Structures are given as structure tokens and as C-alpha cells.
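J.: Have a look at the structure that comes next, please.
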């Protein structure tokens, strides 16, 4: 699989539909060294997800039945946003744990929103049923080539912005984002997967030797609550010798609070999860190691301006 070519083609397709998100080099986060942050939470709909959604729909199109997607919240908003901009009808399934803020965001995009009981896995089953009934185009949140290549455009963009770090810390749910980064950087950067202790699909898969179902809960479950890691992510994690670490909900809240106090950035728990690995000391850089952190989601609950 020529992943870098796939990412380059995706970047060309979606260029006019996404924004180039800023980076910040900071020493204001309590560490005795500079950290580079990429503020992807400033992307359309408040997360990185439009990259994969636009790449999927532009490259594959959609039938008269439109598109369907399952989501913990952020992907649903992105899929609905991409569908609206490209002229497709969208039906989005989310679990109740998505929360009022993300549900309202999806509704604001004009999608046919269906809230189901349970968690992301139940929403995915409902979306797959709708796909089978109607022939709608499934826009998967993380485990297809177009989705992963689309998310990989973030890594390409970051490199073009002058990324100097040796190590990237990236939060993981289903694995589309970190798979995109691994697809682009291959082994030229050390990529560290950061997951909540209570939602550890990748960590469990690496320990097990294959993807498996895990129980999910915690403050970031509506963004990082995939019960099973994507196969594409798992394969790329093995190929690139990806390191996997876990952080507590307390550490995530501390990082979330710090981003606000240091730089007035309001992010959701998932958006602060990668930073939590540094703040807590769970990840300790070697002397001289240059570290960068991806801040990936801004859909905080409750919405402070609702």
C-alpha cells in the first residue's frame, strides 16, 4: 500500500474544503522544554474529522440515498458538514453518550440525526443496517483507506509547516487519526498513542496480538470510545513499532484545564488527552528529544455559549 501517495492525493482533493490549522511552540505548559502544539481543534466542526469525510465523499461520491455515518459525535458533525457542502443528504447515528453539545452541532448541519441507546458500537450497527436497506454511502469514522488517507493530510500539512519534533503524541479512539499520521511519517517520526485508561482499544489489541472488543467509559468516551481498534490502525501500529500509553481521567482534566489557563484554548477531554501524557509524566522525553502534541477536538460539553 503506497500510503504517502494516497495522502498526497487526499490533500489535493480536500484542499479547498478544510482550513490549515495553526501550530504553536510553547514553554508555558509547565515543562522544562518547548512543546509544539498543533491546534487541529480549530478545524471546521471543531475536530480533524472533516479531512477524512471530505476525502471519502469526493473520491467515492454518494448515491441518491445519500450518506450515512455512525459517530460518537465529532465524526457525525464532520460527515454532515461534508455532505451538506457537497450536496448530499446525510443520516447520522450517534449514541446517547454523544451528549447534548455534539448532538446539537450535528443537528445544526441539517442532517437526519438518529440517537440510539448504548455506545458507538450500537450506532455503527444501526448505520450499517441503514446502509444495507437503502444503499447509502457509509462514511466510516476510522477504518477505511479514504478516511485514514484524509486524516493523514493533517500530518502532511504539519510537516509542511516546519515540524521539527522527533516524537508526536496523538490521542486514539478508533485509530483513524494516528493511522493517518503513521501512514504519512512511516518510521521517520516516533509516534506515541495516548488513550484513556478506561478506553484502551489499541493498547489492548497490541497486548493481545490482534484487535478485540474492550469495555469503554470515562470522560472522553464520546470521542475516544471505540470498543475495537480499526484494523488499518492496528496494522500500521505494528509496522511502525508504535508506542502505546494510558492516562487517567484526572490527567486529562488537568491537561484540559492547563490549555485554557496557558493559552485560552477550550478543548474537549479527547482534545487534551495527548497532552495529558506529558503533564502527568506518563511519557518522559529523553534529554534533547523534541516533542509535539496534537490537540484534536474542541466540542466541549456543555457548550459554554449555548
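J.: Just to check your reading of the model, which residue among 54, 48, 39 is under 15 Å from the mean Cα position of the chain (by Cα), touching a residue at least 60 places away in the same chain (Cβ under 8 Å) and farther than 22 Å from residue 124 by Cβ? Step through it out loud before you land on a result.
T.: Working: 54 fails: farther than 22 Å from residue 124 by Cβ; 48 fails: farther than 22 Å from residue 124 by Cβ.
On inspection, the qualifying residue turns out to be 39.
J.: How do the pairs read when you match residues in the stretch 209-235 that are at positive phi with residues anywhere that are surrounded by fewer than 20 Cβ atoms within 10 Å (Cβ to Cβ) and part of a helix (DSSP H, G or I), using Cβ under 8 Å and keeping only pairs 6 or more apart or on different chains?
T.: Sorted first by the residue in the stretch 209-235, then by its partner, the pairs are 218/249.
J.: Considering only the stretch 248-299, state which residues are in contact (Cβ under 8 Å) with a residue 40 or more places away in the chain, part of a loop (DSSP other than H, G, I, E, B) and under 15 Å from residue 39 (Cα atoms).
T.: Correct list: 265, 267, 268, 296, 298, 299.
J.: Another one. Quick one: in the stretch 129-159, which of the residues that are touching a strand residue (DSSP E or B) at 6+ places or on another chain (Cβ under 7 Å) and either in a helix (DSSP H, G or I) or closer than 30 Å to residue 188 by Cα (or both) is modelled with the highest pLDDT?
T.: Once the filter is applied, the top-ranked residue is 158.
J.: Could you tell me whether residue 245 is surrounded by 23 or more Cβ atoms within 10 Å (Cβ to Cβ) and under 14 Å from residue 172 (Cβ atoms)?
T.: no
J.: I'm trying to understand the selection: among the residues of the stretch 163-192, which are farther than 16 Å from residue 275 by Cα and surrounded by fewer than 24 Cβ atoms within 10 Å (Cβ to Cβ)?
T.: At the first step, the residues of the stretch 163-192 found to be farther than 16 Å from residue 275 by Cα are 163-164, 174-176, 179-189.
Hits for the stretch 163-192 are 163, 164, 185, 186, 187, 188, 189.
J.: Restricting to the stretch 52-78, give me the number of residues that are in contact with a helix residue (DSSP H, G or I) (Cβ under 6 Å, 6 or more places away or on another chain), closer than 21 Å to residue 220 by Cα and in a helix (DSSP H, G or I). Walk me through how you get there before you give the answer.
T.: Residues of the stretch 52-78 in contact with a helix residue (DSSP H, G or I) (Cβ under 6 Å, 6 or more places away or on another chain): 52-59, 65, 67-70, 72-74, 76-78.
Checking which are closer than 21 Å to residue 220 by Cα leaves us with 52, 69-70, 72-74, 76-78.
Remaining after also requiring in a helix (DSSP H, G or I): 52, 74, 76-78.
Total satisfying the criteria: 5.
J.: Could you grab me the full set of residues in the stretch 233-244 that are more than 18 Å from residue 72 (Cβ to Cβ) and in contact with a helix residue (DSSP H, G or I) (Cβ under 6 Å, 6 or more places away or on another chain)?
T.: Matches in the stretch 233-244: 234, 236, 240, 244.
J.: Quick check, is residue 182 outside any loop (DSSP other than H, G, I, E, B), in contact (Cβ under 8 Å) with a residue 40 or more places away in the chain and assigned by TED's automatic domain parsing to the domain that holds residue 273?
T.: So residue 182 passes the test.
J.: Right, something else. Would you check if there is a residue in the stretch 57-74 being surrounded by fewer than 18 Cβ atoms within 10 Å (Cβ to Cβ), in contact (Cβ under 8 Å) with a residue 12 or more places away in the chain and closer than 27 Å to residue 272 by Cβ?
T.: no
The values are calculated or read from the model by the stated rules, or taken from the named source; none is laboratory data. On a predicted model such as this, the values are computed, not experimentally measured, just so you know. Methodologically, a virtual Cβ is constructed for each residue, glycine included, from the backbone with ideal geometry; neighbour enumeration extends over all protein chains shown.
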